[in-house]
There are 6 protein chains.
Amino acid sequence: PDKIKEKKPKLGVVTGLAWTSVGGTTLEVQSVSMKGKGKILLTGKLGDVMKESAHVAYSYVRSVAGDLEIDEKFNETTDVHLHFPEGAVPKDGPSAGVTITTALISVLTKRKIRQDIAMTGEITITGEVLAVGGIKEKVIGAHRIGIHEVILPLDNESDVDELPKEVKKDMTIHFAKTYEDVKKIAFEK
Amino acid sequence: PDKIKEKKPKLGVVTGLAWTSVGGTTLEVQSVSMKGKGKILLTGKLGDVMKESAHVAYSYVRSVAGDLEIDEKFNETTDVHLHFPEGAVPKDGPSAGVTITTALISVLTKRKIRQDIAMTGEITITGEVLAVGGIKEKVIGAHRIGIHEVILPLDNESDVDELPKEVKKDMTIHFAKTYEDVKKIAFEK
Amino acid sequence: PDKIKEKKPKLGVVTGLAWTSVGGTTLEVQSVSMKGKGKILLTGKLGDVMKESAHVAYSYVRSVAGDLEIDEKFNETTDVHLHFPEGAVPKDGPSAGVTITTALISVLTKRKIRQDIAMTGEITITGEVLAVGGIKEKVIGAHRIGIHEVILPLDNESDVDELPKEVKKDMTIHFAKTYEDVKKIAFEK
Amino acid sequence: PDKIKEKKPKLGVVTGLAWTSVGGTTLEVQSVSMKGKGKILLTGKLGDVMKESAHVAYSYVRSVAGDLEIDEKFNETTDVHLHFPEGAVPKDGPSAGVTITTALISVLTKRKIRQDIAMTGEITITGEVLAVGGIKEKVIGAHRIGIHEVILPLDNESDVDELPKEVKKDMTIHFAKTYEDVKKIAFEK
Amino acid sequence: PDKIKEKKPKLGVVTGLAWTSVGGTTLEVQSVSMKGKGKILLTGKLGDVMKESAHVAYSYVRSVAGDLEIDEKFNETTDVHLHFPEGAVPKDGPSAGVTITTALISVLTKRKIRQDIAMTGEITITGEVLAVGGIKEKVIGAHRIGIHEVILPLDNESDVDELPKEVKKDMTIHFAKTYEDVKKIAFEK
Amino acid sequence: PDKIKEKKPKLGVVTGLAWTSVGGTTLEVQSVSMKGKGKILLTGKLGDVMKESAHVAYSYVRSVAGDLEIDEKFNETTDVHLHFPEGAVPKDGPSAGVTITTALISVLTKRKIRQDIAMTGEITITGEVLAVGGIKEKVIGAHRIGIHEVILPLDNESDVDELPKEVKKDMTIHFAKTYEDVKKIAFEK
Ligand SMILES: [Ca+2]
Ligand SMILES: [Ca+2]
Ligand SMILES: [Ca+2]
Ligand SMILES: [Ca+2]
Ligand SMILES: [Ca+2]
Ligand SMILES: [Ca+2]
Ligand SMILES: [Ca+2]
Ligand SMILES: [Ca+2]
Ligand SMILES: [Ca+2]
Ligand SMILES: [Ca+2]
Ligand SMILES: [Ca+2]
Ligand SMILES: [Ca+2]
């Protein structure tokens, strides 16, 4: 996370927002799908909550596979590997839920994801987007490295008041109540 | 758990009652069923007792599948995922037993669950509803966030005396001896 | 365990005797059998010794399946779930061996178990009934909640001398050397 | 272990010798074989060394199955359960190796084992019998409960000098260098 | 790691760079592929991060198998064993990512790897090469044992300024932004 | 390890050299192969490094199975059990690598191993023999119990200088750079 993101849309690569003791930063997820038997591989020193969060995202995607025009048997025919570089840094928490959901949908539908946008939010299996912590720090962190557009949970709307003016005026902020709201913004048109 | 529940019945979403060190609150379970091989996925940072409680509910539902007009092979053809948002909050105990049972029956029978009602109670594999702790705090917590109807174990009937008058007069309380008593009330007519 | 047992025989439900720091009590096991692949599911916060004890009971039942007119392939075609309410209370020890054996035979043969009788005793894979601890406390506890007939290991015969007279005169006590002795008494005629 | 052993030969039941902090005693293994898929089930609160010891005995029996006229596919068609009562007493160490080997051969060949004899000794996968500890205490313990014939490892021959004269004159002691030596003595003629 | 590397290219053997408390050294990975079912075996006392790093390399190779003319079913038909001698020395971290990737490609394509070159760098599933720590110590260590050509992450370019002049003038240094850059250099022409 | 080894070659039995706090000794591995599904069973209270070392030996043998005229499908049709008596003594480290390799090749090729020779050395999956610790103590220990021929890693050649003259003149020492060097010496001609 130390340079401005290239702008070209990519398959399976999503910029999340993370919150560490020294401030906000971005947290990339990379994903690939491969012919397989339905395995989900999760790497990058993830804690249990973050792993569960990936399974929640996976079940949400399974439950809406028909609407997304994903082969409904993907969970028997396709393996998915989600990796969070850097591999030695421990990562945990549910706030990468929408990021992971976006990565999964990208590799399963072959739709590219915008690389000039970052996102954060817990996902539920019914597709709700729940509030997460550290919104102020995350958005400041994203701004510092050149991100000018973010997707946040609607339930975090009030946290935006706490942003410094110079960040706020420079940043397009979208609020998502459900994953449907994220999907409209995150993918290449 | 910070706003009044929408009233429209939903598939697989049940409002349970929980009891934390700072008082009673609601604890939602969300569930989806998908074509699969009979796997049960449980997420939301659940402790061992709560996971066992889900397996007890599952066996109860299996044992009455015929009466419920559920395909008796569902445990070989259907995967079920039960998720308890918020994913970072640890949850444990047997008191979500009736809540989980209701969620399972909903996704397996495609019957919607009332969203204006909350419930608590341990379930056994024969369908008995057993007493649980924290009834007073749970009902006060439910009332605070706008719930006016609850299902409690019959064995907790005496705990209701301890409720403040203003809560009691505002609340329809049902008592359940077996899950049959819950089923009559929880689902959309 | 806080009311007198209903007297009507039931399938898969057995009253065991337990011994806690605050005295003897009853410990119910509930069991259901379902079409399956031979899995044994054990819930109710059981310790390792108690789980092993269930596997010992299961192997004993397998080894005498022919005599009991149980389909000898039940361990490939039937799943059994044994649950010990209350799910949050830890339970351990080998003394539920005869109780579990009785539950297994009930669900596999569809013979109902008397609900006016309680039992305790370790089981071995050859069907021996071994002595267990806390006999005095267990029988007093059973008596307190209205049980008037118990099955104890023959090796515990001498412990009965320690019972208060008023309990002893009120209680029919059977002694079992092997499971055959239990089987003659526990099931509905 | 508190009464003199019945003398009639039995299938799958072997009396081993054990050594505890309060002296020597006997340690029974009970085994049953059942139609299955080759599983080995070990119960009785066994430590890792004792479990490995059972696997060593099992591989030894597999490697000599032809000589013993055991169906060489037994490890695919037969399940074996070895149980060590009393289930709550922890047991460990390699010294039940010959005892377990004897139990396995009994249930797989349907040959009965003498119940008036006790044995101790580590087994290797090539059938060697290795020295074990506590010989003096074990033999005294066996004598105390009425056993008058024991099988010991040849490597422990010198330990027999330490036995009290009154035990020694009352006891037939066999020494085994390999399992072949045990087999000649342990089974019913 | 105590003698100058033989110069002849080898199959499946790659020299990595490691960084210990007593300075930089080389860390060899050896790999073999065998007919199998797609298993990956990792030995050499590897920590969790290093094991995950091998899975990341494996998924990267799977995702570019077509371009590399590797049978795309190798993950079902081929077992791969990656071993890091010396087996008693604990190893961890993500910095062997490019080394492992090179070993995998070698055994799957049967292309030999240059033995006069060493490398370090974290790999991601999309094939990016990320910066790692200890560059100065690693290159000095490689130089000490006769290595004169190394591949480093482009993101570590600035760390090269810190190398002693006598090491720098003796060393050909390649920088890699993606694994494509490594592949051009590491294999026998 | 307390008597001079019988001299007759044996199948699957190899004498290794071990090094404990009280000096060098021998460490036997016994192995048997049986019709099966390719399982490797390791017993004798082995630590993780020693278990990995057995897997390294196994992969080396798989990768050279053709040259050894071993059926290349042995890893699907044959089970191998490697046992290290005495079962209660913990054992660890990579130095039994060549010993295990020799045992595996013996049971898979049915070639007998010389029992008048002992060996030590770490093995890698490409068949290299790496240096190990305690050479002086190990050779003195072997000498004490009547072994007059040993195989050591070539990388340990210098350690032989430290041997007492009376041991050295009594001992034939072979040095191995690769497993090929061991194979020429260890098997019955
Ligand atoms: Ca970084
Ligand atoms: Ca706020
Ligand atoms: Ca909420
Ligand atoms: Ca919250
Ligand atoms: Ca009360
Ligand atoms: Ca209670
Ligand atoms: Ca007594
Ligand atoms: Ca006893
Ligand atoms: Ca070294
Ligand atoms: Ca630098
Ligand atoms: Ca010894
Ligand atoms: Ca030296």
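Tally the DSSP beta bridges in the stretch D:17-112 and give the antiparallel ones as a percent, rounded to 5.
In the stretch D:17-112, approximately 65 percent of DSSP beta bridges are antiparallel ones.
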Inset, instruction - Equivalent ellipsoid semi-axes for chain F, as square roots of 5 times the alpha carbon gyration tensor eigenvalues: give them largest first, rounded to whole Å. - result: 26, 17, 15
Inset, instruction - Note down the net charge around B:His174, summing +1 for each Lys or Arg and -1 for each Asp or Glu among other residues with Cβ under 10 Å from its Cβ. - result: -1
Inset, instruction - Sort shortest first the distances from A:Asp48 to its counterpart in every other copy, using label points 7 Å along the Cα-to-beta-carbon line, and give them in nm. - result: 1.1, 1.1, 1.9, 1.9, 2.2
Inset, instruction - Name all residues of the stretch F:16-38 having a backbone nitrogen under 18 Å from the label point set 7 Å from the Cα of F:Glu188 along its Cα→Cβ direction, giving them as ranges. - result: F:29-33
Inset, instruction - Taking the rotation that carries B onto C, look along its axis and tell me which residue of B has the beta carbon nearest to it, distance in whole angstrom. - result: B:Lys37, 11
Legend entry - Point-charge dipole on Cβ atoms (K/R +1, D/E -1) for the protein assembly as shown, about Cα centre, debye to 20: 2220 debye
Legend entry - All-pairs alpha carbon distance profile, the stretch A:1-73, 5 Å steps from 0, percent: 3, 11, 17, 25, 19, 14, 8, 3, 1
Legend entry - Net charge of neighbours whose Cβ lies under 10 Å from the Cβ of B:Asp161, counting Lys and Arg as +1 and Asp and Glu as -1: -1
Inset, instruction - Extending each Cα 7 Å along its Cβ direction at A:Asp67 and B:Asp48, get the distance between those two points in nm, one decimal. - result: 3.9 nm
Legend entry - Cα Rg, Dmax (largest Cα-Cα span) when computed across the protein assembly as shown, Å: 34.0, 101
Inset, instruction - Only helical DSSP H runs with n ≥ 4 go in: add -39500 (n - 2.57) per run for chain D, normalise by residue count and round the 222 nm mean residue ellipticity to 500 deg cm²/dmol. - result: -8500 deg cm²/dmol
Inset, instruction - Apply the Karplus parameterisation 6.51 cos²θ - 1.76 cosθ + 1.60, with θ equal to phi minus 60°, to every residue of the stretch E:132-137 and state each ³J(HN,Hα) to the nearest whole Hz, in sequence, with x for glycine and proline. - result: 10, x, x, 3, 4, 5
Inset, instruction - For chain D, with a Gaussian network of springs between Cα atoms less than 10 Å apart, report the residue from D:Ala142, D:Ala118, D:Ala88 with the top mean-square fluctuation. - result: D:Ala88
Legend entry - Spatial separation of Cα centroids for the stretch B:70-148 and the stretch F:141-189, in angstrom: 70 Å
Inset, instruction - List the distances, in nm and shortest first, from the label point of C:Lys184 to the matching label points in every other copy, placing each point 7 Å from Cα along the Cα-to-Cβ direction. - result: 4.5, 4.5, 7.8, 7.8, 9.1
Legend entry - Copy-to-copy label separations for C:Gly133, where each label sits 7 Å from Cα toward Cβ, in nm and ascending: 2.5, 2.5, 4.4, 4.4, 5.0
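No value in this document is a laboratory result; all are computed from the given coordinates. A quick note: this is a predicted structure, and the numbers were derived from the prediction, not measured. Please note: Cβ atoms are built from the backbone with ideal geometry, for glycine as well, and neighbour counts cover all protein chains shown.
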